[in-house]
Every structure is written in C-alpha cells, then in structure tokens.
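Step one of this worksheet: look at the structure below.
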Amino acid sequence: MAVPNHNPPRGMEGYDLGALSAEQQEKLNQFKIQTRLGNEKFLRDHPEVDVLLAGFLGDVLTQRPENIRDFAADYFTKPHLKDSVQSQLKQRENALREAKFNRKL
C-alpha cells in the first residue's frame, strides 16, 4: 500500500494506513478522481458559479463584514443578483471574444 508523502489536510486526523484494504483504497482513489473530474466539468459548464463566487468574495474582501453569515444571506438573496450575473457573463464573453480577435491581428 502506498504511504502518503504529505501530511493530512489541516484540521484532520492523521492517516490510518491500515483502515482500508488495497482494493478499497484503489476504489476510493478512483472515486475521488471521478468526483473531481465531474466537479471540474460542472464548473466549466456553469461559468455563472465562477461569477457568483468572484463577486461574493470580492465584496467580502472590500467590505469586510462583521457578520459573514448575514452578509452572505443578503448577497445571495439580492433581487437583482441574476441580472448582475448575466451582465457579468456577457462582459466576460465580450472580453474573451475581443482577446481572440486581437490575437488574430
């Protein structure tokens, strides 16, 4: 069985190297790979997630709210959020289109 060459993620207990059989570990590794690939595909197919998170994190870092939970609840329930995201997606598409055009010149 392969021994991890790194420490466990912060806040997690140490690895229990004997907890899984080699077959179980292989299945777990394959599951992790498939899950990551699925997540990456989802994010590529849904650029609005990137826009939402970038906007939220940008506002958090500039406004530094004292109560992050209330701030998040307010941010994600804004009535004009959908329009804002769609506008930002169009701006992103236009910027990509312009960059492609400029590379061709």
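No lab work stands behind these numbers, since they all come straight from the coordinates. Quantities reported herein were computed from a predicted structural model and do not represent experimental measurements. Cβ atoms come from the backbone with ideal geometry, glycine included; neighbour counts cover every protein chain shown.
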Straight-line reach from LYS82: which aspartates and glutamates have a Cα under 20 Å away, not including same-chain ones fewer than 8 places off?
ASP45, GLU48, ASP50, ASP59, ASP70, ASP74, GLU93
Mind running the shape call on segment 23-99? Use the C-alpha gyration tensor, a ≥ b ≥ c as the square roots of the eigenvalues: rounded below 1.5 for a/c, prolate if a/b tops b/c, oblate otherwise.
oblate
Cut-off of 10 Å, at most 10 other beta carbons, DSSP loop: longest stretch of the chain lacking such GluC sites (Glu not before Pro):
14-65
What helix-only [θ] at 222 nm does the chain give? Using -39500 (n - 2.57) per DSSP H run of at least 4, over all residues, to the nearest 500, the answer is -24000 deg cm²/dmol
Rounded to the nearest 10, the angle in degrees between the Cα long axis of helix 81-104 and the longest principal axis of the Cα atoms of the chain comes to 90
Residue by residue through segment 45-51, what is 3J(HN,Hα) from phi via Karplus (6.51 cos²θ - 1.76 cosθ + 1.60, θ = phi - 60°)? Round to whole Hz and write x for glycine and proline.
6, 10, x, 5, 5, 4, 4
Could you pull out every one of the aspartates and glutamates with an alpha carbon less than 14 Å from that of LYS100, ignoring same-chain neighbours closer than 8 positions?
none
